[in-house]
Amino acid sequence: MEPTAQASSATYGMKNGAAQEPRDIEAFGREVDELLQKYRSKVGEEDIAFVERCFDINIKAEVAGRLLLHFSLDPFTWLLGSTLLAYHIGQRGGLMHAIHHGMYDGIPGIPSRFTSDKTTYNCPISGQLWQRFHAKHHAHTNNLHKDTDVGYEVLRWSDEVPWQPFHLIQLPAMLLTSLFPFGGLMFWYPFYQSGLLEYAFPKRFRTSAPFHEKHDWETFKKIFGWAMEGFLPYMAKNLLLYPALGGIFWPKVLLGNVVAHYLASAAIWHHVLTPHMGQPVYGRKPRSKAEWYVQQIEATSNLKVENELLKIFCAGNHQQIEHHVAPKLPMSRLWEMAPELEAICKKYGVRYSSEGWRERTKRVVSLLLRYSLPGG
């Protein structure tokens, strides 16, 4: 999804708090290219071993979590089961995100279960739907008129987005997303990602490019089918099958599954969505590969994660800057590369944002509140 044109612009500035001074973007682009080539050349057996370890942890967390939910005799073991299951759910989504990006495609000796064409997504959103629209997000990150992934029809955190009356409730609406029936964001997202929510917003209220050119009955049936393709099987498995296996204890198993999805949704909101909010918004496409690098870097933020298990849980999503610059680079290489990319950005005056979870959440909540008002 990266532009292939060579950088032709010697200077490039961004709005919304990004650096404005002239920068040698051609040289910056060349150094980023060299850095990416360096880390792509490292990809091999270590990356296979790492992703196998990640899936091993994921499977163990699920087995332990589900067993504790079924056989727990006290609130502590029940809550521990829900927490382990939440770890599995959140991490699984991150791992599938990595695999469907093709991070492990083409590595000699890679098992087929780690390749993008052989792995099912195993979450409420189908792989077909995700691949169809998530690719646009990476090509046009935070581009007001192109990026359909973040939700400019619903949310406003920039002066570039025209204010609408419904923005008055955007902060509580975002927080209420976590209370969506049966699992919060994990179950809400398929309806947004499919483009179904466009039907709830009249055309005059839309500020970004639509998911679909037509909004007739035939289009609705098609995208409703896409949304249900992942949503219904996932619902049936987690809210019917597993609770039924609990026999007379099905209520505690069902509740444990729901709690696990709420916990996973809250974590995903923090390390996947907040890094895209509050960053610069762009109204035009980059004119060169080097400008594309700048937009990708300045339009996203990293989250500082030190704990190894939390890094594995995030599956590279806490390194959104590196992931956007190199979407196909294996996840462990992203945080390995980060210090060097940050140094290059500092050298050329390119804004590189990295914050703790608390600071990032506070910033996003503050911006959503500020831009919910007409003046912004």
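The values are calculated or read from the model by the stated rules, or taken from the named source; none is laboratory data. Note that the structure is predicted; figures quoted are calculated from it, not measured. As a convention, Cβ positions derive from the backbone with ideal geometry for all residues, glycine included, and neighbour counts pool all protein chains shown. Surface areas here come from the heavy atoms of the whole protein model, side chains and all, with no ligands, DNA or RNA. Shrake-Rupley method; radii C 1.70, N 1.55, O 1.52, S 1.80 Å.
Numerical summary
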item	result
19 Å Cα-Cα reach of LYS304 towards aspartates and glutamates, excluding residues that sit fewer than 8 places from it in its own chain	GLU322, GLU336, GLU340, GLU342, GLU355, GLU359
Relative intensity, log₁₀ I(q)/I(0), of region 322-376 from a Debye sum that treats every alpha carbon as a point, q = 0.24, 0.26 Å⁻¹	-0.95, -0.99
Accessible area per residue, Å², the chain with all protein chains present, probe 1.4 Å	45
Unsatisfied cross-links (Cα-Cα over 19 Å) in the set LYS60/LYS311; LYS42/LYS328; LYS38/LYS328; LYS311/LYS347	LYS311/LYS347
Qualifying GluC sites (Glu not before Pro) in region 206-278, DSSP loop, other Cβ atoms within 10 Å at most 12	GLU213
Cα long-axis angle, helix 357-370 against the chain (0 to 90 degrees, to the nearest 10)	70
Rounded to 10°, Cα long-axis angle of helix 127-139 versus longest principal axis of the chain	20
Largest-first principal axis extents of the Cα set of region 218-376 (Å)	63, 45, 34
Residue-level accessible surface for TRP250, protein heavy atoms, 1.4 Å, Å²	130
Helix 331-348 axis, angle to the chain major axis (alpha carbon atoms, nearest 10°)	30
Amide hydrogen neighbours beyond the local backbone of ASP147, cut-off 5 Å, H modeled	ALA209
All Cα pairs of region 266-335, percent lying beyond 17 Å	44
Those aspartates and glutamates that a straight Cα-Cα span of less than 20 Å connects to LYS221, excepting residues fewer than 8 apart in one chain	GLU198, GLU213, GLU229
Interchain or long-range residues, amide H under 5 Å from SER126's placed H	GLY230, PHE231
Label point distance in nm, TRP335-ASP56, each placed 7 Å from Cα along Cα→Cβ	1.8
Residues whose placed amide H lies under 5 Å from that of ASN302, excluding near-sequence neighbours	ILE321, SER353, SER354, GLU355
Qualifying GluC sites (Glu not before Pro) for region 46-94 [loop in DSSP, other Cβ within 10 Å: at most 15]	none
Peptides 361-367, 263-269 ordered by average Cβ neighbours within 10 Å, highest first	263-269, 361-367
Accessible carbon and sulfur surface of the chain relative to its total accessible area, %, 1.4 Å	63
Per-peptide average of other Cβ atoms within 10 Å, ordering 133-144, 81-92 highest first	81-92, 133-144
About the Cα centre, charge dipole magnitude for the chain (Lys/Arg +1, Asp/Glu -1 at Cβ), debye	680
Cα-only Debye scattering, the chain: base-10 log of I(q)/I(0) at q = 0.09, 0.11, 0.13 Å⁻¹	-0.53, -0.81, -1.13
